[in-house]
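**Q** Before I ask anything, here is the structure I am working with.
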């Protein structure tokens, strides 16, 4: 407990699924959490309860990550209020499941905006703050499909492949400023959204998971705690798989 005591953390896509689990575990570990969501007031009650439960601050940060001006204003407000930003988790994302002939180019462009352009913009903005501090951890959300590929997910895999390339290059550039950049690459995770899709499209793939089950969102969150904490202070440029030994 207390691995992230008083660290100021921004977690995008925190309204549900993996993002919510990350925000909850960060708060449990003593972090000051700015939890991003798009819909105003949608996570107010949850954030307030989490703050009380763990005697820390969990503050809703309502903005669309694809709105560069809004994202920049939010980051600057966090810097003004807290005087620093220690951790960015680029978790928010968009996913589709379709074969190549059915893929819509407009949807692919939108996914590139959400999964690649927005995380890069936040990395750029936050790294300026962290550079002045000479400290910080940026955690990007990749995916097993970026490494191993998956039929029916070419467009999504493409965006997550870009995240891997971004992570490795940013880590090299930002290391002299003592900013660490790593990525988490989950396999199949039992979020509410994925479980519904899993039952329809991927139920037969449970046999491809060595451990015989989907990952829990909290298990992804645990890895993010490690990467956000001083336990990983010499770890950067790494793409860490967390897939229970999965073959797609």
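**Q** Based on Cα coordinates alone, diagonalise the gyration tensor for segment 105-248, multiply each eigenvalue by 5, take square roots, and list the semi-axes in whole Å, largest first.
**A** Square roots of five times the eigenvalues give 28, 18, 12 Å.
**Q** I'd like the distance separating the alpha-carbon centroids of segment 134-191 and segment 47-120, in whole Å.
**A** For segment 134-191 versus segment 47-120, the Cα centre distance is 15 Å.
**Q** Okay, next question. Calculate how large, on average over all directions, the projected area of the Cα convex hull of the chain is; give the answer in nm² to one decimal.
**A** Taking a quarter of the hull surface, the average projection is 12.8 nm².
**Q** Moving on. State the antiparallel share, in %, of DSSP beta bridges confined to the chain, rounding to the nearest 5.
**A** For the chain, the DSSP antiparallel bridge percentage is about 5.
**Q** Over segment 153-248, what is the mean sequence separation of C-alpha contacts under 8 Å (at least six apart), divided by residue count, expressed as relative contact order in percent?
**A** 42
**Q** Then there's this: Taking the number of other C-beta atoms within 10 Å as the exposure measure, put 94, 1 in order starting with the fewest.
**A** 1, 94
**Q** Can you show me the helix-derived [θ] at 222 nm for the chain, built from DSSP H runs with n ≥ 4 at -39,500 (n - 2.57) apiece and divided by the number of residues, rounded to the nearest 500.
**A** It comes out at -13000 deg cm²/dmol, rounded to the nearest 500.
**Q** Can you tell me the relative contact order of the chain? Whole percent, Cα pairs under 8 Å, sequence separation 6 or more.
**A** Dividing the mean separation by the residue count of the chain yields 20 percent.
**Q** Okay, moving on. List, largest first, the extents of the alpha carbons of segment 43-105 along their principal axes, each in whole Å.
**A** The principal-axis extents, from largest down, are 51, 28, 19 Å.
**Q** At a temperature of 4 °C and a viscosity of 1.567 mPa s, determine how fast segment 27-153 diffuses translationally according to Stokes-Einstein, using the Kirkwood radius over alpha-carbon pairs as Rh; express D in µm²/s, rounded to the nearest whole number.
**A** 79
**Q** Further, regarding this structure: Quick check on packing: order 37-43, 55-61 by the mean number of other C-beta atoms within 10 Å, highest mean leading.
**A** Peptide ranking by packing, descending: 55-61, 37-43.
Rule-based calculations on the coordinates, nothing more; no lab input. What you are looking at is a predicted structure, and each value in this text was computed from that prediction instead of being measured. Positions of Cβ are backbone-derived with ideal geometry, glycine not excepted, and every protein chain shown enters the neighbour counts.
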